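Reviewing the structure listed below.
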Amino acid sequence: MPSTSQTAASSDIQAFRDVLASSKSIITLAGAGLSAGSGIQTYRGGGGLWNTHDADYLATPQAFKENPSRVWQFYHTRREICLQSQPNAAHHALASLSEPSTLFRITPSLKETSSPPLLITQNIDSLSLRALDGLPPAVKTAAEGRLLEMHGCIFSTRCTSCQHTQRTYSSPLCSAFLSTEERDIPISELPRCGGENWSGSNRYGKCGGLLRPDVVWFGEIPNHMGEIAQRLNWCDLLLVVGTSSTVYPAAGFAATVKARGGKVAVFDIENPKDHVGADFIFLGPCEETLPEVLG
Ligand code: BV8
Ligand code: ZN
């Protein structure tokens, strides 16, 4: 495990495990680095999506209003990549925190409280949700209730008319996406509410309205902000995994926890200059460091 030199943060695994063992309200904030090991592009830094694509034209409500065809093809392409991807060892390490036997082994203090770890992910790839598939049914259901996809999910659509939301892993969402070359798809051929063989009914979920990706674009309010704000108030240990801490409000969560006397542990592959104030920093691919440190 490479040690850190740029900050006062510790990379001592046992010291972290001692803090973990006495923590009573643990939150994990995950970013694109969590899924990098699954072959999904991060957004910034080397090979980042926003280095080659302009978020202003692809990830804002205005962009979708102006050119839904371009935005839909951008998300369709990424959706196919996410469909082919699998959760990696870091997703599974976080999922194991939902298993009572694992959880109470590494954090005995949690037996006294009712706040099992919360996982807040900025990722839209649903890999953290899929990592729960291997858990016993009752444990999986409870864990799903403690997984907040604050920026939405690429497999969820929302109707711009009746607001019906639906999560589907079928592909492609419409036959217009069968061809791979980029083109200007007529709005009538983009994903519609009730599917392509829309029968003209006006029912909720079958109204024929234009669907949008149910993800949080820039300028939109992230999901679950009320619950997140409340849980951050009590958080005594925040794990920050694979995020550049660039995008707000998520980028401010660590400072909130620190201000209330909580501790912050960062798991990142790069230089921790942006992670000032962290109590622990574990440098390296999180698909290696998380399983090792959570033991
Ligand atoms: C909001 C979904 C108000 C879509 C995303 C002007 C106008 C409007 C808003 C703003 C504005 N100026 C600023 C803002 C606020 C804006 C913002 O923060 N902008 C930034 C750029 C300055 N935020 C918003 O608009 C948000 N909404 O503010 O509403 C509000 C808020 C609260 C309450 C009331 C009102 C909405 C933000 C959400 C935007 N949607 N994505 C899509 O994905 O297509 S943003 C996008 O960035 C993703 O969601 C992504 O998750 C997120 C953060 O990126 P990261 O996950 O951190 O990824 P990144 O590549 O940056 O970093 C990867 C990290 O992993 C690196 O540190 C790397 O070193 C590390 N790493 C890599 N590999 C590994 C690894 N670590 C470990 N292991 C590895 N193997
Ligand atoms: Zn509809």
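Throughout, read-outs are computed from the coordinates displayed, never taken from laboratory work. The structure presented is a predicted model; accordingly, all values stated were derived computationally and were not measured. Note: ideal-geometry Cβ built from the backbone for every residue, glycine included; neighbour counts use all protein chains shown.
Backbone geometry of region 155-166 corresponds, through the Karplus equation with coefficients 6.51, -1.76 and 1.60 at θ = phi - 60°, to 3J(HN,Hα) couplings of 9, 9, 10, 10, 6, 6, 9, 9, 6, 4, 10, 8 Hz, x marking Gly and Pro.
Computed with the Debye formula from one identical point scatterer per Cα of the chain, without solvent, the log10 of I(q)/I(0) at q = 0.07, 0.14, 0.15 Å⁻¹ comes to -0.28, -1.04, -1.16.
Amide hydrogen proximity for VAL240: with H placed 1.01 Å from N in the peptide plane, the residues at 5 or more positions away or on another chain lying under 5 Å are LEU29, ALA265, VAL266, PHE267. Entry for region 159-235 at q = 0.14 Å⁻¹: log10 I(q)/I(0) = -0.60, Debye formula applied to identical alpha-carbon scatterers, no solvent contribution. What the Cβ-Cβ distance of ALA142 and THR256 gives, at R0 = 25 Å and to the nearest 0.05, is a FRET efficiency of 0.50. If the reach is capped at under 17 angstrom between alpha carbons, list the aspartates and glutamates near LYS206, excluding any in the same chain fewer than eight residues apart. Partners found: GLU189, GLU196, ASP214.
State which stretch of the chain is the longest one without any exposed trypsin sites (Lys or Arg not before Pro), exposure meaning a DSSP loop state and at most 12 other Cβ atoms within 10 Å. By the stated rule (loop sites, at most 12 other Cβ atoms within 10 Å), 1-182. Between THR168 and ALA21, the FRET efficiency from the beta-carbon distance, with R0 = 35 Å, is close to 0.30. Label-to-label distance for TYR57 and SER175 is 3.0 nm, based on points extended 7 Å past Cα in the beta-carbon direction. Put a dot 7 Å past the Cα of THR160, heading toward its Cβ, do the same for TRP198, and the two dots end up 1.1 nm apart. Using the Cβ-Cβ distance between GLN14 and MET225 with R0 set to 41 Å, the FRET efficiency works out to roughly 0.70.
Applying a DSSP loop filter and a limit of 16 other Cβ atoms within 10 Å to the chymotrypsin sites (Phe, Trp or Tyr not before Pro) in region 169-209 leaves TYR169, TRP198, TYR204.
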